[in-house]
Amino acid sequence: MTPSVHLVNAPLVGQHRRGQSPVVRQSAVANPVKGTSASMLRNAPLSGLAAIACLVAATPVPVPTPSIQIGTATRTTYAQAYGFDWEFDDGVEVSDSTNATGGWVQSQSVDLLDWYFIPVASSTIYQESQIDPDLVTLTMDATADTAGNHPHSDSSGTSTFDVDFTVPHRVRYVVSATATANVGYNLANARLRRTNDSTTIVAVDADFGGNDVVPPQSSWLQRGDYSVDAECEAMAWGDNNTSISASSNVEFELRIFEAADFTLDGTVDKADWHAFEAAWQAGATNTDIDGSGVIDAKDWLAFEAAWKSTT
Ligand SMILES: [Ca+2]
Ligand SMILES: [Ca+2]
């Protein structure tokens, strides 16, 4: 989750004296990008920063695709159905897995009938996922049913997702997730974690019933190691001729952007500068670019450095 932040040492609008023009040093006017040194930033009124921003390039610059480095990736699906009575004892199962990256779609099901073609139990599993250097998305659905025609029957559908990746330099991200499980022993969860210190950044958890939602939110991923893991399982136990229907669903999306793309539109231009400036000036929590928990000049300098490196 985004940490709580405090506005520290933020320059104030109108800090310059009445009747005095916003100050921009001549060197900055001559070379607005190279002229915005740390000492200037600390000493300049914010209106001076705005003036500097007005001098920067106006043309949107397509930026190279930001990237995370994918490490290991494992995705699995499994579906089974089983039942017995006084003369029948049988089961069926299917499974699949991949350690590849990129896109993967798997849809599996089992439908168990007894020797008289009477329904016993069934289950389904669906996973559609993408693991790219700038995108991790996931949809998982699972169902499990027992027909209620036998003294014992059970079924389950299970899908798992696990990817580890490294962020070589700070990137901006947008993440959202939902998890739903209708009844019983169902599992539905997903989480983005920083593995260096086991910090959970975003998590949804609807294990054993219920639903959980994380609306789209944006922040920065600092350099380091991360993981996304998720699990979706529906289970049905139909002892004593009981009919059970269970289902689970998990949705997860992580999109990666250049650190300076504050507007999250795929380009870095002066609109990002202005947007960050306004948000930073207002003490918005999403301007804690270095993740320190405090909003101060270091965040501005970090944004400036990222902006200059991509324009
Ligand atoms: Ca932008
Ligand atoms: Ca900070």
Quiz item: With (1) within 16 Å of ligand 2 (Cβ to nearest atom); (2) within 28 Å of residue 70 (Cα to Cα); (3) not basic (Lys, Arg) as the list, and residue 309 as the residue in question, which single condition is left unmet?
Solution: (1)
Quiz item: Of these, 221, 187, which one is within 17 Å of the chain's Cα centre (by Cα), among the hydrophobic types (A, V, I, L, M, F, W, C) and assigned by TED's automatic domain parsing to the domain that holds residue 145?
Solution: 221
Quiz prompt | residue 246 hydrophobic (A, V, I, L, M, F, W, C), surrounded by fewer than 16 Cβ atoms within 10 Å (Cβ to Cβ) and either more than 15 Å from ligand 1 (Cβ to nearest atom) or not assigned by TED's automatic domain parsing to the domain that holds residue 202 (or both) | solution = no
Exercise. Name, by its number, the condition in (1) under 23 Å from the mean Cα position of the chain (by Cα); (2) within 16 Å of ligand 1 (Cβ to nearest atom) that does not hold for residue 271.
Key: (1)
Quiz prompt | First in segment 279-298 and within 19 Å of residue 199 (Cα to Cα), second anywhere and in a helix (DSSP H, G or I) and within 16 Å of ligand 1 (Cβ to nearest atom), Cβ under 6 Å, 6 or more apart | solution = 289/303
Quiz item: Would it be correct to say that residue 261 is within 13 Å of ligand 2 (Cβ to nearest atom), over 28 Å from residue 109 (Cα atoms) and of a type outside the set (A, V, I, L, M, F, W, C)?
Solution: no
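Is it the case that segment 57-64 has a residue that's modelled with pLDDT under 50, part of a loop (DSSP other than H, G, I, E, B) and in contact with a Ser or Thr (Cβ under 7 Å, 6 or more places away or on another chain)?
Filtering segment 57-64 down to residues modelled with pLDDT under 50 leaves 57-58.
Filter once more, so that each one left must be part of a loop (DSSP other than H, G, I, E, B): 57-58.
So of that shortlist, the ones also in contact with a Ser or Thr (Cβ under 7 Å, 6 or more places away or on another chain) come out as 57.
Checked against the condition, which is being modelled with pLDDT under 50, part of a loop (DSSP other than H, G, I, E, B) and in contact with a Ser or Thr (Cβ under 7 Å, 6 or more places away or on another chain), segment 57-64 yields at least one hit.
The values are calculated or read from the model by the stated rules, or taken from the named source; none is laboratory data. Being a predicted model, the structure only gives us computed values, none of them experimental. Counting neighbours? That spans all protein chains shown, and the Cβs are built from the backbone with ideal geometry, glycine included.
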